[in-house]
Amino acid sequence: MDSIVLFGPPGAGKGTQAQRIMESTGLPQVSTGDMLRAAVAAGTATGIEAKRYMDAGQLVPDEVIIALIKDRIQDSDASNGVMFDGFPRTIPQAEALSEITEVSHVIAIEVPDERIVERICGRYTCGSCSAVYHDTFNPVSVEGICDNCGAGEFKRRADDNADTVLSRLGAYHDQTSPLAQWYESKGIFHVIDGDRAIDEITNDILSALK
Ligand code: ADP
Ligand code: ADP
Ligand code: ZN
């Protein structure tokens with residue numbers, strides 16, 4: 001199978017949907033945001049460079065991202081394609097990707113700007129399995145316990161605050177949204193209304209992938 005790209009603004013639900021469609025597609029989730037956060041936590045040279053951009057809600061330079069992806073795609077679990085979450089985010093990234101691997105579907109999850117801040121500011125994830133939750137829209141069923149793995153520690157991202165979100169949204173409109181046309185012209189672009197219940201969105205994505 002070829003790779004899939006999950007496309008959309010910050011907080012659109014890309015990570016949430018990736019976790020849900022992983023089982024049906026068998027493709028591993030490749031999130032450049034997660035990879036960058038791991039690099040920051042490990043204190044690598046990449047992490048040190050990336051951190052100032054991430055803290056400011058700006059895109060990390062293309063060379064850094066493309067190097068990470070070239071490396072990741074060599075792993076054995078990526079041999080049948082992957083599900084990209086949050087990559088590519090610029091035309092140069094998409095061009096680089098087209099030289100590395102075949103993309104069969106781009107799933108664009110659309111959510112209006114006015115929903116994004118509330119989504120991002122209420123986001124938390126399981127510290128153990130990375131399941132994604134939301135204070136109001138998708139809370140854990142039992143207070144303090146992850147539905148997915150039973151662990152009891154949760155994390156919030158430093159950049160998930162109202163100020164940084166606005167910069168991230170600006171970067172999305174300026175640098176990332178032009179990619180929509182680029183992929184539309186290739187005939188592999190599927191628009192999904194992301195302002196609905198999580199399960200409805202999952203069903204639509206699975207039909208688009210058929
Ligand atoms: P992204 O990976 O695109 O940044 P996430 O999957 O992390 O987005 O979702 C952002 C926040 O919005 C999370 O707190 C998540 O629980 C919540 N969320 C995801 N999908 C929906 C939805 N359809 N309706 C309401 N909230 C959602
Ligand atoms: P979200 O989808 O919630 O905005 P991500 O976890 O995808 O968050 O990204 C967090 C930050 O990591 C971004 O604000 C940006 O600084 C950086 N980043 C992630 N992916 C990319 C990418 N493909 N290109 C450039 N910067 C990226
Ligand atoms: Zn968990």
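The values are calculated or read from the model by the stated rules, or taken from the named source; none is laboratory data. If you're wondering where the values come from, they're calculated on a predicted model, not measured in any experiment. With ideal geometry, Cβ positions are generated from the backbone for all residues, glycine too; neighbour counts draw on all protein chains shown.
Points to keep in mind about this one:
- Test: residue in the stretch 152-175 that is out of contact with any Leu (no Cβ under 6 Å at 6 or more places or on another chain) and more than 29 Å from Arg52 (Cβ to Cβ): yes
- Exactly one residue among Asp147, Asp135, Asp204, Asp199 is within 15 Å of ligand 3 (Cβ to nearest atom), of a type in the set (D, E, K, R), farther than 23 Å from Lys51 by Cβ and at pLDDT 95 or above, and that residue is Asp147.
- Residue count for the stretch 135-153, restricted to those that are exposed (fewer than 14 other Cβ atoms within 10 Å of the Cβ) and among the aromatic types (Phe, Trp, Tyr): 0
- Out of Gly8, Gly43, sole residue that is at positive phi and more than 10 Å from ligand 2 (Cβ to nearest atom): Gly43
- Verdict on Arg89 being in a helix (DSSP H, G or I) and in contact with a Phe, Trp or Tyr (Cβ under 9 Å, 6 or more places away or on another chain): no
- Condition check for Val106: surrounded by fewer than 19 Cβ atoms within 10 Å (Cβ to Cβ) and either modelled with pLDDT under 95 or closer than 21 Å to Gly8 by Cα (or both): no
- Ile100 of a type in the set (A, V, I, L, M) and away from ligand 2 (no atom under 12 Å from the Cβ): yes
- Considering the stretch 114-134, the residues that are away from ligand 2 (no atom under 13 Å from the Cβ) and outside any strand (DSSP E or B) include one that is surrounded by the fewest Cβ atoms within 10 Å (Cβ to Cβ), namely Glu114.
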